[in-house]
1. Looking only at residues in region 91-100 that are aliphatic (A, V, I, L, M) and over 11 Å from the mean Cα position of the chain (by Cα), which one is least open to solvent (accessible area, probe 1.4 Å)?
2. Exactly one of (1) open to solvent by less than 40 Å² (accessible area, probe 1.4 Å); (2) among the aliphatic types (A, V, I, L, M); (3) in a loop (DSSP other than H, G, I, E, B) is unmet by Ile237. Its number?
3. Going by what's in this entry, would Leu197 be described as at pLDDT 90 or above, under 25 Å from Ala117 (Cβ atoms) and open to solvent by 30 Å² or more (accessible area, probe 1.4 Å)?
4. Quick check on my filter: what residues within region 167-181 are touching a residue at least 60 places away in the same chain (Cβ under 8 Å) and assigned to a loop (DSSP other than H, G, I, E, B)?
5. Output the residue which, of all residues in region 297-312 that are part of a loop (DSSP other than H, G, I, E, B) and of a type in the set (A, V, I, L, M, F, W, C), is modelled with the highest pLDDT.
6. Any residue in region 52-64 that is modelled with pLDDT of 80 or more and polar (S, T, N, Q) sitting within a Cβ distance under 9 Å of a residue that is part of a helix (DSSP H, G or I) and surrounded by 12 or more Cβ atoms within 10 Å (Cβ to Cβ)? List the pairs, counting only those 6 or more apart or interchain.
7. I'd like the full set of residues that are modelled with pLDDT under 90, assigned to a helix (DSSP H, G or I) and open to solvent by 30 Å² or more (accessible area, probe 1.4 Å), limited to region 120-139.
8. Cβ contacts < 7 Å: first residue closer than 21 Å to Leu175 by Cβ, restricted to region 106-125; second residue among the small types (Gly, Ala, Ser), any location; separation 6+ or different chain. Result?
Amino acid sequence: MLAYVVRRLWQMVPTMLGVILLVFLLFNWVGGDPAYILAGKISNPEQIANIRRQLGVDEPYYMQLWIFIKQIVTFDFGNSWSTGEPVSQILGTRLGPSLTLLIPLTILETLIAVALALMVARARGSLTDRMVMIACTVGMSISILVYIIVFQYGFAYKMGLFPVQGWGDGFAENLFRYSALPIIVLLAVSIAPNLRLFRTFVLDEIGHDYVRTARAKGLGESRILWVHVLRNAAIPIITYVMSNLPALLIGAFLVERFFSIPGIGREVILAVERSDFPVIKAITVYVAVATMLFNLLADLLYQAVDPRVQLQ
């Protein structure tokens, strides 16, 4: 196991170098000269030259690339161009709210979708199965903006069950008061596609010979589904969930924006609006790192779920 982890970590090095090179090319050759962005419309050549010198963009490209690599290794991307706040401090303060929202969301949506998928797959072809699939299709056709507006108006404004917007200082307050409605909104959006996908995984396993053998031995349908089928269907489910985790940090930007949650997704939108390249570059690189680490974790979970899986 340890040798496998070390080998996978070593294999991430060339991938990470490719990501670094791609990000560097995009921001330095395609993104334009940041000195003109910071100087604004009213500027003179002296101001432009001074800003370029302060940012280090007057250096040769190989020096700029080396500076970028050192920033990644030392977790120091300098200061934000728009606020002057250290980028590492921005990410550190924004990560907590995002995780407060996304960890409970991931757990709840996975458990609910898996349970519903097993129950619907058991009733495959029935009226219940067809009605659930129709409901999922309708739910997936509605924009997340509609969910946000309707839930804010109904549950927060009219009923007063939750605050419309805001974020507190305490973890418990944020989790149970301010994150509750955003989590409900994201659950309403994510349950339908997850249920349809997990149902497919379960149905693929139900058709295998080991299920017919278990039935021939007299095992109950519930035991077959929750023990044998779920164990084998868990591998693609884990793959799907783990691959989506890094994207959730950025993908929840609409919810964070509408509910005024100071998370990573909201910070990305603000950074793009302000052309704040240091923040955007840092988030891009760290999301790539998180993606590779979560893929490694998914492989380790495969063997925990099913010891027959051989890690290579």
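The values are calculated or read from the model by the stated rules, or taken from the named source; none is laboratory data. From a predicted model like this one, the values you see are computed outputs, not experimental measurements. Cβ: placed from backbone, ideal geometry, glycine included. Neighbour counts: every protein chain shown. Heavy atoms of the whole protein, side chains included, go into the accessibility calculation; ligands, DNA and RNA do not. Shrake-Rupley method; radii C 1.70, N 1.55, O 1.52, S 1.80 Å.
1. Narrowing region 91-100 to residues aliphatic (A, V, I, L, M): 91, 95, 99.
Now narrow it down to the ones that are over 11 Å from the mean Cα position of the chain (by Cα): 91, 95.
Details: Leu91: 25, Leu95: 72 Å².
The residue in question is Leu91.
2. (3)
3. Working: at pLDDT 90 or above: yes; under 25 Å from Ala117 (Cβ atoms): yes; open to solvent by 30 Å² or more (accessible area, probe 1.4 Å): yes.
So Leu197 fits the description; yes.
4. The initial filter retains those residues of region 167-181 that are touching a residue at least 60 places away in the same chain (Cβ under 8 Å), namely 167, 171, 174-175, 178-179, 181.
Within region 167-181, Trp167, Ser179 qualify.
5. Taking region 297-312 and keeping what is part of a loop (DSSP other than H, G, I, E, B), we get 306-312.
Retained after the next criterion (residues that are of a type in the set (A, V, I, L, M, F, W, C)): 309, 311.
On the way: Val309: 62, Leu311: 65.
Filtering first and then ranking leaves Leu311.
6. Gln64/Phe24; Gln64/Asn28
7. Result: Arg122, Leu127, Thr128.
8. Glu109/Ser190
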